[in-house]
Amino acid sequence: MDVAHYFINADEVETEIERVRKGRDAVIEEIRRLQTSITHMGPKEAPHELNALLDVHLMLLQDVELIGGVKHWITERLYNAEWALTTQLEVIARHFDEMEDEYLRERKADLEQIAERVLRAMKGALTPLAAHPKAQRSPRKGTQDLLLDDTVDVPLILIAHDLSPADMLQFKQSVFAGFITDVGGKTAHTAIVARSMDIPAVVGARTASQLVRQDDWVIIDGDAGVVIVDPSPIILAEYGFKQRQGELERGRLQRLLHTPAVTLDGEKIQLLANIEMPEDANVALKAGALGVGLFRSEFLFMGRRGQLPDEEEQYQAYKRAVEGMNGLPVTIRTVDVGADKPLDNSARDDAHLNPALGLRAIRWSLADPAMFLTQLRAILRAAAHGQVHLLVPMLAHAREIRQTLAHIDQARAMLDNRGVAFGAVKLGAMIEIPAAALSLKLFLKHFDFLSIGTNDLIQYTLAIDRADESVAHLYDPLHPAVLRLVADTIAECAAQGKGVSVCGEMAGDVTLTRLLLGLGLRSFSMHPAQILAVKQEILRADTQKLAVWAQRVLQAEDPSLEMAG
Ligand code: PEP
Ligand code: MG
């Protein structure tokens with residue numbers, strides 16, 4: 001919880017101490033009330049584990065170190081009550097971190113939870129604790145909410161056999177708090193859109209849609225890829241703490257919003273956003289992105305029942321994104337449909353045996369020059385309103401590069417003939433097919449910058465369909481072959497002084513930030529929700545040390561072991 005920090009006058013010390021005491025007493029009273037109500041429950045429904053947890057909370061609330069510490073900060077430093085409480089919380093949390101005993105270490109979450117409740121009580125915003133999940137509002141849902149949660153609404157979860165990325169996008173404004181699908185892989189586009197919505201999702205849960213019944217309670221652990229149906233009170237409580245911890249962590253990360261992303265050894269790192277719709281620019285800015293590294297323009301083309309957006313509609317959409325970024329660069333990728341991104345659900349490509357290897361992305365664009373030229377004109381026109389980078393997906397052949405560049409020239413000439421204003425763009429290519437990663441000199445001859453699409457680069461290097469859950473365990477960003485292609489691309493761009501970024505899911509994975517920095521990457525593009533966590537890793541990193549370590553990881557037979565060791 002964000003709290004105000006200010007110094008009080010010496011004559012306000014007593015009042016501030018009294019405010020904390022009152023807040024703490026209110027929480028103690030609330031817990032005792034809940035314990036009484038549990039005692040009156042029948043033996044079957046009384047959640048014993050909960051009672052034990054409440055005892056722990058009571059104990060922590062009465063802890064002399066907490067009370068004494070708060071008094072100290074108020075009296076000696078003249079901190080306001082909330083500041084004193086959060087400062088003391090940090091002091092005690094550090095002690096917990098140092099504890100050998102895992103059980104005790106984990107009680108830090110309890111401490112944070114009670115401190116938050118005291119803060120709420122001080123604000124007069126304490127809501128009653130519930131011993132039971134609240135009544136459910138509608139079918140097909142579960143909850144991540146917990147016994148100790150005090151939010152009023154029950155979150156809804158959508159469980160389906162399959163959801164297309166376009167379906168998912170429609171849910172952006174919806175009430176769903178989580179998604180589960182039977183099919184799909186972690187970097188399939190449906191999962192990517194769920195991640196961009198910053199809500200928990202598990203894809204590839206095989207038969208979930210048949211096994212989970214209407215009105216079941218469900219926990220979605222998106223990080224672990226775990227779905228728990230009908231959890232026991234103790235599991236619910238555990239996840240409640242986890243959830244609370246996650247929220248606290250996010251709150252803490254907000255402090256980094258205006259901190260420049262610079263490593264310990266002074267390397268400036270560019271953090272960019274991946275967006276699906278022009279309106280996402282706003283979210284990107286709020287998350288502290290310094291530009292858009294990937295605007296997946298295909299989302300403008302989906303769910304249109306064959307009526308593709310015309311030049312004017314596209315121009316307006318790109319212009320909104322460009323203007324939305326207030327002068328920061330926007331990288332617009334030309335349409336990338338096909339494979340797991342069908343234009344319409346009815347047009348799912350089941351006819352071809354290997355849609356991922358079929359008419360996708362630039363191949364699709366070059367197969368329909370009128371459509372491609374329309375998009376290029378719209379992007380070039382939007383470039384009159386700000387910094388636009390034009391990015392081309394899935395290139396592999398010199399012939400494709402030549403054709404693409406010829407189309408861009410033609411689009412400029414058409415606008416010139418019509419006397420319509422357009423702007424200069426930097427030209428970039430995605431490196432997402434191994435053949436491209438092995439032809440870097442060709443690419444760098446023609447393009448101003450490269451963007452590594454690790455989602456597809458992994459898929460095509462390892463021959464693993466990214467949307468197929470049955471091979472999801474083989475989808476490995478740390479495979480030495482993948483790392484070699486990524487490392488070589490970064491190194492070749494650096495050698496030629498050309499820009500390079502990673503815009504696949506690897507860029508937003510905090511467990512890989514150090515490795516990518518060590519490989520020389522200085523520009524990362526990811527979902528806005530991941531930016532601050534990645535920034536935190538950057539602030540703690542020393543790229544010179546990481547470069548030496550990254551070479552060892554690169555040479556290792558099993559890089560994941562080297563990373564762990
Ligand atoms: C990628 O392949 O890594 C990428 C960023 O593009 P997409 O996920 O849209 O295929
Ligand atoms: Mg791709």
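In the range 420-438, how many are of a type in the set (Gly, Ala, Ser), more than 16 Å from ligand 1 (Cβ to nearest atom) and under 15 Å from residue 500 (Cβ atoms)?
Step one: filter the range 420-438 for residues of a type in the set (Gly, Ala, Ser), giving 421, 423-424, 428-429, 435-437.
So of that shortlist, the ones also more than 16 Å from ligand 1 (Cβ to nearest atom) come out as 421, 423-424.
Subset that is under 15 Å from residue 500 (Cβ atoms): none.
Of the residues in the range 420-438, 0 are of a type in the set (Gly, Ala, Ser), more than 16 Å from ligand 1 (Cβ to nearest atom) and under 15 Å from residue 500 (Cβ atoms).
May I ask you to list the residues in the range 371-399 that are within 14 Å of residue 301 (Cβ to Cβ) and either free of Cβ contacts under 8 Å to residues at least 40 places away in the same chain or within 14 Å of ligand 1 (Cβ to nearest atom) (or both)?
Answer for the range 371-399, where residues must be within 14 Å of residue 301 (Cβ to Cβ) and either free of Cβ contacts under 8 Å to residues at least 40 places away in the same chain or within 14 Å of ligand 1 (Cβ to nearest atom) (or both): 372, 393.
Among the candidates 539, 521, single out the residue that is within 26 Å of residue 438 (Cβ to Cβ), in contact (Cβ under 8 Å) with a residue 12 or more places away in the chain and of a type outside the set (D, E, K, R).
Among 539, 521, only 521 is within 26 Å of residue 438 (Cβ to Cβ), in contact (Cβ under 8 Å) with a residue 12 or more places away in the chain and of a type outside the set (D, E, K, R).
Which condition from (1) open to solvent by 40 Å² or more (accessible area, probe 1.4 Å); (2) part of a helix (DSSP H, G or I); (3) out of contact with any helix residue (DSSP H, G or I) (no Cβ under 6 Å at 6 or more places or on another chain) is the one that residue 234 breaks?
(3)
Being open to solvent by 10 Å² or more (accessible area, probe 1.4 Å), part of a helix (DSSP H, G or I) and more than 16 Å from ligand 1 (Cβ to nearest atom) is the filter here; which residues of the range 488-508 pass it?
488, 491, 492, 494, 495, 496, listed by residue number.
Can you pull out the residues in the range 293-306 that are under 17 Å from residue 169 (Cβ atoms) and of a type outside the set (Asp, Glu)?
If the condition is that a residue be under 17 Å from residue 169 (Cβ atoms) and of a type outside the set (Asp, Glu), then 294, 295, 296, 297, 299, 300, 301, 302, 303, 304, 305 are the ones that fit.
Output the number of residues of the range 456-473 satisfying the condition of being charged (D, E, K, R), more than 9 Å from ligand 2 (Cβ to nearest atom) and part of a helix (DSSP H, G or I).
Looking only at that region, the number is 1.
Do any residues in the range 322-342 that are at positive phi and of a type outside the set (Val, Ile, Thr) have Cβ atoms under 6 Å from those of residues that are at pLDDT 90 or above and within 11 Å of ligand 1 (Cβ to nearest atom), where the two are at least six apart or on different chains, and which pairs are they?
That search, which allows pairs on different chains as well, returns 338/360; 339/356; 339/360.
Count, please, the residues in the range 474-514 that happen to be within 14 Å of ligand 2 (Cβ to nearest atom) and more than 28 Å from residue 528 (Cβ to Cβ).
Final tally of qualifying residues: 0.
For the range 96-116, check the following and say yes or no: at least one residue is within 19 Å of residue 19 (Cβ to Cβ), open to solvent by less than 20 Å² (accessible area, probe 1.4 Å), part of a helix (DSSP H, G or I) and touching a residue at least 12 places away in the same chain (Cβ under 8 Å).
yes
Which of the residues belonging to the range 189-230 are within 16 Å of ligand 1 (Cβ to nearest atom), open to solvent by less than 40 Å² (accessible area, probe 1.4 Å), at pLDDT below 90 and not in a loop (DSSP other than H, G, I, E, B)?
189, 190, 191, 192, 193, 194, 196
Can you spot a residue in the range 81-89 that is open to solvent by 20 Å² or more (accessible area, probe 1.4 Å) and modelled with pLDDT under 85?
Within the range 81-89 (the criterion being open to solvent by 20 Å² or more (accessible area, probe 1.4 Å) and modelled with pLDDT under 85), the answer is no, since none of the residues qualifies.
Is it the case that the range 301-320 has a residue that's assigned to a loop (DSSP other than H, G, I, E, B) and within 16 Å of ligand 1 (Cβ to nearest atom)?
The answer is yes; a qualifying residue exists.
I need a count of the residues in the range 83-123 that are of a type in the set (Asp, Glu) and touching a helix residue (DSSP H, G or I) at 6+ places or on another chain (Cβ under 6 Å).
Count: 2.
Please work out which residue is least open to solvent (accessible area, probe 1.4 Å), limiting yourself to the range 461-474 and to residues that are touching a residue at least 40 places away in the same chain (Cβ under 8 Å) and within 12 Å of ligand 1 (Cβ to nearest atom).
466
So which of 219, 228 ends up being without any contact (Cβ under 8 Å) to a residue 40 or more places away in the chain and hydrophobic (A, V, I, L, M, F, W, C)?
228
List pairs: first in the range 74-88 and at positive phi, second aliphatic (A, V, I, L, M) and open to solvent by less than 30 Å² (accessible area, probe 1.4 Å), Cβ under 9 Å, 6+ apart or cross-chain?
Taking only residues 6 or more apart or on different chains, the pairs are 78/8; 78/13.
Residue 547 is checked against (1) surrounded by fewer than 20 Cβ atoms within 10 Å (Cβ to Cβ); (2) among the aliphatic types (A, V, I, L, M); (3) within 15 Å of ligand 1 (Cβ to nearest atom) and fails just one. What number does that condition carry?
If we test residue 547 against (1) surrounded by fewer than 20 Cβ atoms within 10 Å (Cβ to Cβ); (2) among the aliphatic types (A, V, I, L, M); (3) within 15 Å of ligand 1 (Cβ to nearest atom), just (3) comes out false.
Residues that are at pLDDT 95 or above and buried (at least 22 other Cβ atoms within 10 Å of the Cβ): does the range 304-317 have at least one? Full working, then the answer.
Pass one, the range 304-317, residues at pLDDT 95 or above: 309-317.
Now narrow it down to the ones that are buried (at least 22 other Cβ atoms within 10 Å of the Cβ): 314-315.
Checked against the condition, which is being at pLDDT 95 or above and buried (at least 22 other Cβ atoms within 10 Å of the Cβ), the range 304-317 yields at least one hit.
Could you please let me know if residue 515 is under 28 Å from residue 251 (Cβ atoms), more than 16 Å from ligand 1 (Cβ to nearest atom) and open to solvent by less than 10 Å² (accessible area, probe 1.4 Å)?
The answer is yes for residue 515.
So, residue 276, is that one open to solvent by 20 Å² or more (accessible area, probe 1.4 Å), over 25 Å from residue 369 (Cβ atoms) and among the charged types (D, E, K, R) or not?
In short, no.
Mind counting the residues in the range 327-341 that are β-branched (Val, Ile, Thr), modelled with pLDDT of 95 or more and either in a loop (DSSP other than H, G, I, E, B) or near ligand 2 (Cβ under 10 Å from one of its atoms) (or both)?
Residues flagged as β-branched (Val, Ile, Thr), modelled with pLDDT of 95 or more and either in a loop (DSSP other than H, G, I, E, B) or near ligand 2 (Cβ under 10 Å from one of its atoms) (or both) within the range 327-341 amount to 2.
Can you name every residue in the range 434-455 that is open to solvent by less than 20 Å² (accessible area, probe 1.4 Å), touching a helix residue (DSSP H, G or I) at 6+ places or on another chain (Cβ under 8 Å) and either within 15 Å of ligand 2 (Cβ to nearest atom) or among the small types (Gly, Ala, Ser) (or both)?
Listed by number, the residues that qualify are 436, 437, 450, 452, 454, 455.
The values are calculated or read from the model by the stated rules, or taken from the named source; none is laboratory data. Quick caveat, the model's predicted, so the values are computed rather than measured. Positions of Cβ are backbone-derived with ideal geometry, glycine not excepted, and every protein chain shown enters the neighbour counts. Heads up: the accessible areas ignore ligands, DNA and RNA and are worked out on the full protein's heavy atoms, side chains in. Shrake-Rupley method; radii C 1.70, N 1.55, O 1.52, S 1.80 Å.
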